[in-house]
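Here's the structure, in C-alpha cells; my notes come after.
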Amino acid sequence: MSDFEPPTAAPAADIIALLCAETGMEEVELKKLRDQAAATGTSFDRILLNRGVDEIQVLKSFAADMELEYWESLEGTQVPRGFVEIVPLALARAYDMIAVGVHGRRLVVATAHPLDLHAQDDLAALVPEGVDFVLAPRGEILELLNRAFRHKADGVDEALEDLEDTDIASLAAEIEESEDLLDVANKAPIIKLVNSILFQSLKLRASDVHFQPYADRLQVRFRIDGILYAMETIPKAAQDAVLSRIKVMGKMDIAERRLPQDGRASIRIGDGEVDVRISVVPTANGERAVLRLLDKTAGVFALDEIGLDEQNLKTLRHYINYPHGIVLVTGPTGSGKTTTLYGSLTEISTGEKNILTIEDPVEYQLDSISQVQVNAKKGLTFAAGLRSFLRQDPDVMMVGEIRDLDTCEIAIRAAITGHLVFSTVHTNDAPSTVTRLIDLGIEPYLVSSSLVLVVAQRLVRKLCGSCKEWREPTASERATLRDLGLDLSELRDGKIAHSPGCDDCFQSGHQGRTAIYELLPMSEDLRSLVMRQAPASELKAQAVKEGMRTLRMDGMSKVVAGLTSAEEIMRVTQLDV
C-alpha cells in the first residue's frame, strides 16, 4: 500500500454560490433544484446531474463546499490490495467507489457521489481502520474499478462447478428485456455462467466474445484491443445448454440447429446499458456463437480524443464544416471508421443543421441527430434511405457504407446539389478510394467535383502505461525502424518506449488502442489527375508532394512519442506501402 498525503482543501463556502460561479446557472434555479431534492429525497448532486449539469463542475463545487479533495484523473493510480480483498465488486460498482491510496492507516476512497451518505457508511463498516473520501468523475472511477478487479474471480469457476444439474428446457423461460449481469442470485447455473462470462468480458474491455466448439470442449475467447485471447474452457456436456441460453437472450429459435441465426440483446451492469449483437452458426463440432458488445455508457469520442495529431485535426475540422461535398472514411472492418464519423457529426451538430444518418446497425444514439436503421427485408436499403433523405430538407447526411453503384450515385448527386455527405468505404489507403469510386462505375468528372476529403485509418494497440519504460532500441528494433522509414536521429535522446508486459496488460505489453490516420484533401492538381483516371500510385505521389502524411508516417510519429511500438505499425500498415 502506497502512503498518500491529501493536500489541504480550500475553505468552505456556500454550495449555491459555488455552483453559480462554477456552472454559470442562476441562483434562483439552483435553489429550486435544491428544494426539489429535499422534497423528493434525491440527493442534490444527482438532481443536478439529471438536469444535464456538467459532472466536473458539480464535483468541483461540492469538493470546495465539503472541504474534500477533487481528482480530475485517476490514471496511473494503484488501488490498495486490501480494498479488492475486503470490498465486493458489486458494492463498489453500485456505489461508484474505489480506493486510491492510504493515509496513515486510513483508506482513501474516491467517490462520484459526495452526498451518498448511506453508501459511505456501508463502506466504512467494511473497513475497520476508517475511510477518508475524495471526489473524482464516475468514468475515471469505473475504469479504475475494472482494472483493479480484473484478476479477481468473477463467479465463472463457481458457476462451472454448479453445471451438473442443468435443465435446458428451463432456459427457454421468458427473460427480462434488459438483464442485469450483477444480479446472479437465485439464477440457474447456466444463466449464472453466461452472465459471469459476459461480465468478465466487459471488465476486460472485450469487443467480442467467441464461444467456439471443439470435439472435447467449448472454448471461450475474448477479443481485446483487436487480439483474441483464450479464456474459460466449458465442458462439452454443457455446450448445448450454453448455446441455448445465448439463443434465448437473442430471442432466436433454440430448436433450430442447422441454420445460421442472428439476434440482439440488451444487458445491464448496475445502471450501465450494453447492446449485444449475437451470431450463431452451425459447425462440425456443434453451434458456434459470437457476441459483439457495444457499451452504450462508453459514449461517443470527441475528435480530439481519437488519435488525430494537431495538423490532421485542423484539416478534418476544416472539411467537416464544408457546406457540400463528400467526406469518405476508409479502412478495414473494425478500424474505427464509425467512431471518426460519429465524432465529426457530434462536432457539427449545433442545432442549426438538419443531420440525418442511415446505418446498419445504429451503434450509438446521438443527440439532435435523426438516425435510421437499415431494414433490407422491408426494402429500406442504404440507397432507398438516401433517396428519402433528399426529401427531408437535410443539411448533412451520413450513409453507413457505400457498397454499390446505386448508393454511390445518390450520395454524389446529393453532394453536388448542396448537401454535405459522410460515408465509409473499404480500401487500403486514401488514394485508392478515388480509383475505387471510378471502378464502381462513377464518371471521373463526378468524383472530381464531389469528393472533398478522404480519411484512411487503422487502429493500433497502445503501449501499457503501467509497465512502459524508455530504452535504447536493440539491433532488430533499429532494423524495423529503418524499414518503416524512420531516421534514428528523430528518436528522443536516441530511445524508444517499450512495455515488457505486466498483470495489467495480460503480459502483452499493450493496453487500449488509438488510431493512425492518412488525410487526403482534394486539391486542384489531384482533381486533374482524377479527370484523366490516373492510377492510385500517381495520386499518392502527388498527395505526398502536397504534404499528405501516410499511415506509416503518422504511425512513426506515434512511435517516437512513445504511444505505440514499431511492430504494431508494421503489423497494421503492411499493405499500405
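The values are calculated or read from the model by the stated rules, or taken from the named source; none is laboratory data. For clarity, every value in this text was computed on a predicted model and none was experimentally measured. Every residue, glycine among them, receives a Cβ derived from its backbone with ideal geometry; neighbour counts consider all protein chains shown. Accessible surface is based on the protein model in full, side chains and every heavy atom, while ligands, DNA and RNA are left aside. Shrake-Rupley method; radii C 1.70, N 1.55, O 1.52, S 1.80 Å.
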### Message
Can you find, within the range 191-236, the residue that is farthest from V276 (Cα to Cα) among those that are in a loop (DSSP other than H, G, I, E, B) and aliphatic (A, V, I, L, M)?
### Response
A215
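Results for (1) modelled with pLDDT of 90 or more; (2) open to solvent by less than 40 Å² (accessible area, probe 1.4 Å), shown as yes or no for each residue.
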position	(1), (2)
T111	yes, yes
D116	no, yes
L126	no, no
L145	no, yes
F149	no, yes
### Task
Take the residues in the range 277-304 that are more than 20 Å from D240 (Cα to Cα) and of a type in the set (V, I, T), then tell me which one is modelled with the highest pLDDT.
V300
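Pick out the one residue from L293, L303, L316 that is touching an Asp or Glu at 6+ places or on another chain (Cβ under 8 Å), within 28 Å of R527 (Cα to Cα) and surrounded by 15 or more Cβ atoms within 10 Å (Cβ to Cβ).
One residue alone meets the criteria, L303.
Does A241 count as touching a residue at least 24 places away in the same chain (Cβ under 8 Å), outside any strand (DSSP E or B) and surrounded by fewer than 14 Cβ atoms within 10 Å (Cβ to Cβ)?
Details: touching a residue at least 24 places away in the same chain (Cβ under 8 Å): yes; outside any strand (DSSP E or B): yes; surrounded by fewer than 14 Cβ atoms within 10 Å (Cβ to Cβ): no.
No: the conditions fail for A241.
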### Task
Return the pairs, sorted by first residue and then second, in which the second residue is assigned to a helix (DSSP H, G or I) and basic (K, R), the first residue lies in the range 549-561 and is in contact (Cβ under 8 Å) with a residue 60 or more places away in the chain and closer than 14 Å to R458 by Cβ, the beta carbons are less than 8 Å apart, and the residues are 6+ apart or on different chains.
T550/K540
### Query
Only one of these conditions is not met by D165: (1) at pLDDT below 85; (2) in contact with a Ser or Thr (Cβ under 9 Å, 6 or more places away or on another chain). Which number is it?
(2)
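Which residues, counting only those in the range 466-483, are within 30 Å of V79 (Cα to Cα) and in contact with a helix residue (DSSP H, G or I) (Cβ under 9 Å, 6 or more places away or on another chain)? Don't jump to the end; show me each part of the working.
Filtering the range 466-483 down to residues within 30 Å of V79 (Cα to Cα) leaves 466-471.
Scanning the range 466-483 gives S466, C467.
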### Task
Would you point out the residue of the range 39-55, among those that are surrounded by 12 or more Cβ atoms within 10 Å (Cβ to Cβ) and aliphatic (A, V, I, L, M), that is modelled with the highest pLDDT?
L48
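Residues to consider are Q542, Q507; find the one that is surrounded by fewer than 20 Cβ atoms within 10 Å (Cβ to Cβ) and at pLDDT 95 or above. Reasoning before the result, please.
Numbers: Q507 fails: at pLDDT 95 or above.
Among Q542, Q507, only Q542 is surrounded by fewer than 20 Cβ atoms within 10 Å (Cβ to Cβ) and at pLDDT 95 or above.
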### Query
How about the range 310-399: which strands (runs of 3 or more DSSP E) wholly inside it have at least 2 residues that are modelled with pLDDT of 90 or more, in contact with a helix residue (DSSP H, G or I) (Cβ under 6 Å, 6 or more places away or on another chain) and within 30 Å of V276 (Cβ to Cβ)?
325-330, 355-359, 396-399
### Task
Please enumerate the residues belonging to the range 244-283 that are touching a strand residue (DSSP E or B) at 6+ places or on another chain (Cβ under 6 Å), among the hydrophobic types (A, V, I, L, M, F, W, C) and either open to solvent by 50 Å² or more (accessible area, probe 1.4 Å) or on the phi > 0 side of the Ramachandran plot (or both).
V281
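Output the residues belonging to the range 25-59 that are basic (K, R) and touching a residue at least 12 places away in the same chain (Cβ under 8 Å). Even if it seems obvious, please write down each step before you answer.
The initial filter retains those residues of the range 25-59 that are basic (K, R), namely 31-32, 34, 46, 51.
Within the range 25-59, K31, R34, R46, R51 qualify.
Tell me which residues, restricted to the range 416-425, are part of a loop (DSSP other than H, G, I, E, B) and open to solvent by less than 30 Å² (accessible area, probe 1.4 Å).
First, pick out the residues of the range 416-425 that are part of a loop (DSSP other than H, G, I, E, B): 417-419.
Result: H419, single match.
So if I check each of V79, V131, which one is over 25 Å from the mean Cα position of the chain (by Cα) and β-branched (V, I, T)?
Values: V79 fails: over 25 Å from the mean Cα position of the chain (by Cα).
Only one candidate qualifies: V131.
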### Summary
The one condition A9 fails out of (1) more than 26 Å from the chain's Cα centre (by Cα); (2) closer than 21 Å to A124 by Cα; (3) surrounded by 13 or more Cβ atoms within 10 Å (Cβ to Cβ); (4) at pLDDT below 85 is (2)
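Looking at the range 56-71, which of its residues are open to solvent by 30 Å² or more (accessible area, probe 1.4 Å) and within 20 Å of E143 (Cβ to Cβ)? Quick ask: steps written out before the conclusion?
Keep residues of the range 56-71 that are open to solvent by 30 Å² or more (accessible area, probe 1.4 Å), which gives 56-57, 60, 65-71.
Result: I56, K60, E69, Y70, W71.
If you check L74 against the conditions, is it closer than 27 Å to A148 by Cα and either open to solvent by less than 60 Å² (accessible area, probe 1.4 Å) or charged (D, E, K, R) (or both)? Spell out the reasoning first.
Working: closer than 27 Å to A148 by Cα: yes; either open to solvent by less than 60 Å² (accessible area, probe 1.4 Å) or charged (D, E, K, R) (or both): yes.
When the stated conditions are applied, L74 passes them.
Being part of a strand (DSSP E or B) and under 31 Å from the mean Cα position of the chain (by Cα) narrows it down to one residue among A110, A63, A92, A119; which is it?
Values: A63 fails: part of a strand (DSSP E or B); A92 fails: part of a strand (DSSP E or B); A119 fails: part of a strand (DSSP E or B).
Being part of a strand (DSSP E or B) and under 31 Å from the mean Cα position of the chain (by Cα) holds for just one of A110, A63, A92, A119, which is A110.
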## Note on the structure
Restricted to the range 552-573 and to residues being assigned to a helix (DSSP H, G or I) and hydrophobic (A, V, I, L, M, F, W, C), the residue farthest from P332 (Cα to Cα) is V560
### Task
Taking the residues in the range 510-539 that are in contact (Cβ under 8 Å) with a residue 60 or more places away in the chain, part of a loop (DSSP other than H, G, I, E, B) and not polar (S, T, N, Q) as candidates, determine which candidate is least open to solvent (accessible area, probe 1.4 Å).
M522
